[in-house]
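**Q** Take a look at this one; I'll ask things after.
The values are calculated or read from the model by the stated rules, or taken from the named source; none is laboratory data. Nothing here was measured: the structure is a model prediction, and the numbers come from that model. For neighbour counting, all protein chains shown are included, and Cβ atoms are generated from backbone atoms with ideal geometry for every residue, glycine included.
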């Protein structure tokens, strides 16, 4: 039997909330799929669209950007900027024909370990039927 | 060898050549392009001029030189990559584009033969089509020692005589193609030959654009290196790569290592086209740039084509295809620049 | 109607008064249909100037060159540059002002209104007139162009030969200027994003197939970037080295520069380049359509920018280039920005 | 079939010496090929060094062709490839292709006095020709080296220079005064004017930063050297090394093939695009 496809997810997590949220999930021994490569960033507002495109280009099947809930940003308004920027890149990725399920954004606080695991579980579930992402992958 | 081939038999001839990769001009969006096909009916010889010349097949924009794998243990592995062995025929090559290949032949020849270029060059047969009417508004081949029915660089030249093609072969490669479908080719009649002559005389006359007294240009350019002329002329230049990338004679390139894996380090060494019009073309690692501005880069393009190349190879590095004129986004007109050069200071 | 004589008169006047260093306008081309940029320094030269619906180029791009040149000069000439701007071009000026790339006093704007028309698409027109030489292009105020060739006059409906961008343009008069020629006539457009909606209505896979075919054609001549007035970065992700290198840049800095985009013109690299460019132009692109016009391989680049223009409008109520004092699209936010896509 | 000129041969780094530290470090590398491949070169020629994954750099060979066991390169850390070379250890493998370029016309210089004038890393190409002349000492007249750097720490081949004093005249200089420095203080061109080498039956070879070369040539002209007596090297960006990629093109010349060594008489005829 062919092995089931396991998608690779690159998750850009804000240090102050989502990254801590994922740690909480870890230390609380919550079970969630191992498909995530987490990259901790200082703020969701510091994520350049280039990071997202590069993740897809280097073989990510899905990309997650996760930051603090509106109003909770450590830098006051970083996540508001992120919200705008990510909305645009989301629309652009959809427009060029990338499956919309492959790119997601979430608000996860440091206390929301459970929410984090749920998001990852759902993400993996949505990615599995799509198969590997080859559209933006490097063809050098 | 001189023959004639009825237009109706063209697909039949091509059918006999299917062991080759066959390229033909195809209309894509608003421009024409050489595309590989295996359908003999696709061959189209009635077309204007492709945006990219057949240079893109013989000297592709991207060429893999080697593959490497360098892990921390053991020696790095380096594997030479060569172009695939597959003979090709390009139909509908314009005489100017074929002549351009005789120039790149010189550059990629010499003491160090570029085996990537030559492999492709030697396995490709060029079937040209005479330009009975100028295929492009800015054609000026006649001014640069070319002609709408030049045979330079071609293996076969077809000339449209209405319901048939006049077929001339110039090389063994070309004759081989004819021999694969011997029955289709007939000997030309006296009338065919007469028609051919007439078409040729007319075709030259139809070329409207020209450079007068081109011989005066190289010596003039020699004097004009430090002239403020280049600043003036380059004012509108945008420093894009259209004029050089689309030029059938331009051959400059870059070599870079492109990585597909970083641990172990795996990747390919790749040649890509490059152009003297980009600022990073000559920029040293230190940040020093011997050609720091648009003026020096425009000057390099013109001087390379109409002075340096002439000194080195006794030919203008230009075949008069007119692409750089028609496709320049800001309408820089090579012929106008050369006219001004010739008359500069007088 | 914009009178060419008025334009020449204004131009001559400001040159005579030494108000400007030089004027960037349009002059007749020696080889094609479309007029080419003219750099006019002397009052006598203004006779070269032309103005009609074939004046397609966005000349604001030359302000980028002008600024680069000026920074190298020891004693720069501080006078402004005279610039002929159409409606779309003038919005580019607003963006450059908004981003403080130029100051208002750096430019003297000779605004020309497209009024009820716009500029022509060279390719569309060439097809219509089949290689004949065009002598004159006029607009008959009834949505038709009158094209005079050696064969005589032809009437062509504007819709058939207008540049794509003009078919969707609402601001067909300059929004910032020192002198305005012509009327501020507003055009009524039913659906400014019509062309985009056609692509949007395709399925995901169809959209992918469309873009893959288009972007695979790219030969990375960077004409799109070179012709764009907003692409003025010293350092572009697409370049192998940074032009910001000085004698003080350390070897480490140079060695560590990330190659985001490789030079190979393969699908993945072409996509990254064009998508990064589109994102970078979000809220900045004023739809002058120059990228698409310059592209020798007819890649419909305008669609990428237009898509983000549409989203900026619909999601954030943002329109680029109308107000030099507003913050840029991604350097501001509203509390009520949509977040329905966020979990 | 013709050999594929773009494929480098693997070579092992056998020896690394740190010449200069600080912000502009210089290291000297010795390399040995895996297979004997008849890499024969002339002094002044260059080789294309590869670090796989980073790219290639054209580096002048600083050892003399008289030594067959190894090739020596002195490399200033400057960009992507050279930075990566500086991280290499002994036993690491790099790629080398070449040699490229015209080299110094040492055959024509027999029985002449040779004056070598270098600045900073510019001593590298000189080192090759200087050691060739020393190796065939009887073929040449007087040998003089005038060499300088910003500070004494920036001088390359420091120990070798001391050894060299036993065999030939050596004049060193530093740009700015420093304690314990007993020799000339000032720029290299000033040192040339100070030491006044005689143009009689002499050839001057100068390598270094472009601005230094410019003033050294001026100084030599003032001392009565003719254009044909002055030799220098030109460097330009290079990729192919075989006169095809067009990057190093100056006038009708491709520096990688027709250069990098030029007499001032030849160089004067070329456009100043280097």
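Residue-wise test of (1) within 30 Å of residue D:78 (Cβ to Cβ); (2) more than 22 Å from the chain's Cα centre (by Cα); (3) surrounded by fewer than 21 Cβ atoms within 10 Å (Cβ to Cβ).
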residue: D:185; (1), (2), (3): yes, yes, yes
residue: D:191; (1), (2), (3): yes, no, no
residue: D:210; (1), (2), (3): yes, no, yes
residue: D:214; (1), (2), (3): yes, no, yes
residue: D:223; (1), (2), (3): no, yes, yes
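**Q** A follow-up question, please. Do we find a residue being touching a helix residue (DSSP H, G or I) at 6+ places or on another chain (Cβ under 8 Å), within 17 Å of residue B:246 (Cβ to Cβ) and within 14 Å of another protein chain (Cβ to nearest Cβ) anywhere in segment B:103-122?
**A** yes
**Q** Of all residues in segment C:241-268 being within 14 Å of chain D (Cβ to nearest Cβ) and in a helix (DSSP H, G or I), which is surrounded by the fewest Cβ atoms within 10 Å (Cβ to Cβ)?
**A** Among those that are within 14 Å of chain D (Cβ to nearest Cβ) and in a helix (DSSP H, G or I), it is C:252.
**Q** Could you list, in sequence order, all residues of segment C:125-140 that are in a helix (DSSP H, G or I) and touching a strand residue (DSSP E or B) at 6+ places or on another chain (Cβ under 8 Å)?
**A** First pass over segment C:125-140, keeping only residues in a helix (DSSP H, G or I): C:125-129.
Selection gives C:125, C:128, C:129.
**Q** Can you tell me how many residues in segment B:84-100 are free of Cβ contacts under 8 Å to residues at least 24 places away in the same chain and within 14 Å of chain D (Cβ to nearest Cβ)?
**A** The number of residues fulfilling the criteria is 0.
**Q** When you check residue C:219 against the structure, is it in a loop (DSSP other than H, G, I, E, B), on the phi < 0 side of the Ramachandran plot, surrounded by 20 or more Cβ atoms within 10 Å (Cβ to Cβ) and away from chain A (no Cβ under 14 Å), yes or no? Don't jump to the end; show me each part of the working.
**A** Numbers: in a loop (DSSP other than H, G, I, E, B): yes; on the phi < 0 side of the Ramachandran plot: yes; surrounded by 20 or more Cβ atoms within 10 Å (Cβ to Cβ): yes; away from chain A (no Cβ under 14 Å): yes.
Answer is yes for this residue.
**Q** Follow-up question, since we're still on this one. Looking at (1) within 27 Å of residue C:210 (Cβ to Cβ); (2) over 14 Å from the mean Cα position of the chain (by Cα), which one does residue A:81 not meet, given that it meets all the others?
**A** (1)
**Q** Still on this model: Can you give me the number of residues within segment C:70-87 that are buried (at least 24 other Cβ atoms within 10 Å of the Cβ), out of contact with any helix residue (DSSP H, G or I) (no Cβ under 7 Å at 6 or more places or on another chain) and outside any loop (DSSP other than H, G, I, E, B)?
**A** Looking only at that region, the number is 1.
**Q** Of all the residues that make up segment D:2-44, how many are farther than 22 Å from residue B:76 by Cα and either in contact with a helix residue (DSSP H, G or I) (Cβ under 8 Å, 6 or more places away or on another chain) or within 14 Å of chain B (Cβ to nearest Cβ) (or both)?
**A** Residues meeting the conditions: 13.
**Q** Looking only at strands (runs of 3 or more DSSP E) that lie completely in segment B:164-278, which have at least 1 residues being under 29 Å from residue B:329 (Cα atoms) and either more than 11 Å from every other protein chain (Cβ to nearest Cβ) or modelled with pLDDT of 95 or more (or both)? Give the steps one after another, and end with the answer.
**A** Working: elements: B:164-169, B:253-262, B:265-273.
Passing ranges, in order: B:253-262, B:265-273.
**Q** Could you list, ordered by first residue, the pairs with Cβ atoms under 6 Å in which the first is in segment C:125-152 and within 23 Å of residue C:3 (Cβ to Cβ) and the second is loosely packed, with under 13 Cβ neighbours inside 10 Å, at least 6 apart or interchain?
**A** C:144/C:155; C:144/C:157; C:146/C:140; C:146/C:153; C:146/C:155; C:148/C:135; C:148/C:136
**Q** As an exercise: evaluate residue A:133 against (1) touching a residue at least 60 places away in the same chain (Cβ under 8 Å); (2) within 18 Å of residue C:203 (Cα to Cα); (3) assigned to a helix (DSSP H, G or I) and give the number of the one condition it does not meet.
**A** In the conditions (1) touching a residue at least 60 places away in the same chain (Cβ under 8 Å); (2) within 18 Å of residue C:203 (Cα to Cα); (3) assigned to a helix (DSSP H, G or I), residue A:133 misses (3) alone.
**Q** Listed residues D:49, D:76; which is in contact with a strand residue (DSSP E or B) (Cβ under 9 Å, 6 or more places away or on another chain), within 14 Å of another protein chain (Cβ to nearest Cβ) and at pLDDT 95 or above? Talk me through it step by step, then tell me what you get.
**A** Working: D:76 fails: at pLDDT 95 or above.
The conditions single out D:49.
**Q** Right, another one. Looking only at segment A:99-110, decide whether some residue is within 9 Å of chain C (Cβ to nearest Cβ), surrounded by fewer than 21 Cβ atoms within 10 Å (Cβ to Cβ) and under 21 Å from residue C:337 (Cα atoms).
**A** yes
Quick grid of which residues meet (1) in contact with a helix residue (DSSP H, G or I) (Cβ under 9 Å, 6 or more places away or on another chain); (2) under 20 Å from residue C:177 (Cβ atoms); (3) surrounded by fewer than 21 Cβ atoms within 10 Å (Cβ to Cβ):
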site: C:21; (1), (2), (3): yes, yes, yes
site: C:26; (1), (2), (3): yes, yes, no
site: C:68; (1), (2), (3): no, no, yes
site: C:96; (1), (2), (3): yes, yes, no
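**Q** Go through segment A:50-109 and report how many residues are part of a strand (DSSP E or B) and within 15 Å of residue A:123 (Cβ to Cβ).
**A** Going residue by residue through segment A:50-109, those that are part of a strand (DSSP E or B) are A:62-67, A:103-107.
Narrowing the set further to residues that are within 15 Å of residue A:123 (Cβ to Cβ) leaves A:62-66, A:103-107.
The qualifying residues number 10.
**Q** Take the residues in segment B:13-27 that are in contact with a strand residue (DSSP E or B) (Cβ under 9 Å, 6 or more places away or on another chain) and farther than 14 Å from residue B:127 by Cβ; name whichever of them is surrounded by the fewest Cβ atoms within 10 Å (Cβ to Cβ).
**A** Step by step, filter segment B:13-27, then rank; the result is B:27.
**Q** How about segment C:269-298: which of its residues are more than 11 Å from chain B (Cβ to nearest Cβ) and assigned to a helix (DSSP H, G or I)?
**A** Passing the criteria: C:270, C:271, C:272, C:273, C:274, C:275, C:276, C:277, C:278, C:279, C:280.
**Q** When segment D:19-44 is examined, which residues are found to be in contact (Cβ under 8 Å) with a residue 60 or more places away in the chain and not in a strand (DSSP E or B)?
**A** Matches in segment D:19-44: D:21, D:22, D:24, D:25, D:39, D:41, D:42, D:43, D:44.
**Q** Kindly indicate the residue of segment B:54-83 that is away from chain D (no Cβ under 12 Å) and touching a helix residue (DSSP H, G or I) at 6+ places or on another chain (Cβ under 9 Å) and also farthest from residue B:160 (Cα to Cα) among those meeting that condition.
**A** For segment B:54-83, the residue satisfying everything is B:61.
**Q** Residues of segment A:2-24 being in a helix (DSSP H, G or I), in contact with a helix residue (DSSP H, G or I) (Cβ under 6 Å, 6 or more places away or on another chain) and surrounded by 21 or more Cβ atoms within 10 Å (Cβ to Cβ), which ones?
**A** A:21, A:22 - these are the residues of segment A:2-24 that are in a helix (DSSP H, G or I), in contact with a helix residue (DSSP H, G or I) (Cβ under 6 Å, 6 or more places away or on another chain) and surrounded by 21 or more Cβ atoms within 10 Å (Cβ to Cβ).
**Q** Follow-up question, since we're still on this one. Listed residues C:301, C:329; which is in contact with a helix residue (DSSP H, G or I) (Cβ under 7 Å, 6 or more places away or on another chain), under 18 Å from residue C:196 (Cβ atoms) and within 10 Å of another protein chain (Cβ to nearest Cβ)?
**A** One residue alone meets the criteria, C:329.
**Q** Any residue in segment C:99-111 that is closer than 30 Å to residue A:98 by Cβ and assigned to a loop (DSSP other than H, G, I, E, B)?
**A** Yes, segment C:99-111 contains a residue that is closer than 30 Å to residue A:98 by Cβ and assigned to a loop (DSSP other than H, G, I, E, B).
**Q** Quick one: residue C:231 ticks every box in (1) crowded, with 21+ Cβ neighbours inside 10 Å; (2) at pLDDT 90 or above; (3) more than 12 Å from chain A (Cβ to nearest Cβ) except a single one, so which number is it?
**A** So the condition that residue C:231 fails would be (1).
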